[in-house]
Amino acid sequence: YTTKQICRVFAERGISDEASFWEAVKSGSFDYAFLEGAPEDETRLEGFLFPDTYTIEVDEPVESVLNRMLARFQEILNGLPENQSGLDLRSSIILASIVQNEIKLDEERPVAAAVFLNRLDINMLLQSCSTVQFLFDEPKATLLNKDLEIESPYNTYLNKGLPPGPISNPGLAALEAVWSPADTDYLYFVAKDDGSGGHYFSKTLEEHNRYKAQARENRASQ
């Protein structure tokens, strides 16, 4: 979930109204080193509210709930192996949030992380649909070409490098994928669209285009 989606869940479950939630996000007292340099706005905690099962007390202040989610993230962070991505902590979280949203199968996440890292290494556009989806209150079923032209620092179809912040709150598998990416020179992937949730990975644009054609065939046969 994005922080916006978490806010809606809190409101629906009676944990907090939306105004109180956003006030806590923007001005709450959260003493964690990983938040240093985070913007003092609605994106402040994006990427760091660890997705897990939490028992929330009746009338527990929302700032307390958010603090527990952040504390859980710190626990997870402390248990990760040495970071092999070459990225600093904030950039690693940003990439993990992209991997979280792009990939369904845990076993593919280290490969996808490597694809994005390989693109960063050669100053190639990341072209992640998920970073464009972040611009909408709810994910769209299908992005249109005009969506890919939206002027925003989060649009990785227009801007090279990582977006300015995380686009979701990544789980353990996505974090581990960035901390321990696969050893591969893939530069492309496309969803198989065969019901498996998997992707075709490739090294060249020519190969990628063949897989895109295969994916179209897969969709047609569903």
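Quick look at the numbers
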| quantity | calculated |
| --- | --- |
| Of all residues making up region 160-178, the number that are closer than 11 Å to Arg109 by Cα and touching an Asp or Glu at 6+ places or on another chain (Cβ under 7 Å) | 1 |
| Near pairs, Cβ below 6 angstrom, 6+ apart or cross-chain, from region 50-71 (in contact (Cβ under 8 Å) with a residue 24 or more places away in the chain) to any residue that is among the charged types (D, E, K, R) | Phe50/Arg72 |
| Selected residue [in a helix (DSSP H, G or I), over 30 Å from Leu35 (Cβ atoms) and open to solvent by less than 30 Å² (accessible area, probe 1.4 Å)] from Ala215, Ala174 | Ala215 |
| Some residue of region 182-195 being under 25 Å from Arg90 (Cβ atoms) and aliphatic (A, V, I, L, M) | yes |
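Results for (1) assigned to a helix (DSSP H, G or I); (2) open to solvent by 40 Å² or more (accessible area, probe 1.4 Å); (3) of a type outside the set (Ser, Thr, Tyr); (4) closer than 18 Å to Ala114 by Cβ, shown as yes or no for each residue.
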| site | (1), (2), (3), (4) |
| --- | --- |
| Asn159 | no, yes, yes, no |
| Pro163 | no, no, yes, no |
| Ala182 | no, no, yes, yes |
| Asp194 | no, yes, yes, no |
| Gly197 | no, no, yes, no |
| Glu206 | yes, yes, yes, no |
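The values are calculated or read from the model by the stated rules, or taken from the named source; none is laboratory data. Just so you know, these numbers come straight off a predicted model, no measurement behind them. Glycine also receives a Cβ, built like all others from the backbone with ideal geometry; neighbour counts cover every protein chain displayed. All accessible areas refer to the heavy atoms of the entire protein, side chains included, with ligands and DNA or RNA removed. Shrake-Rupley method; radii C 1.70, N 1.55, O 1.52, S 1.80 Å.
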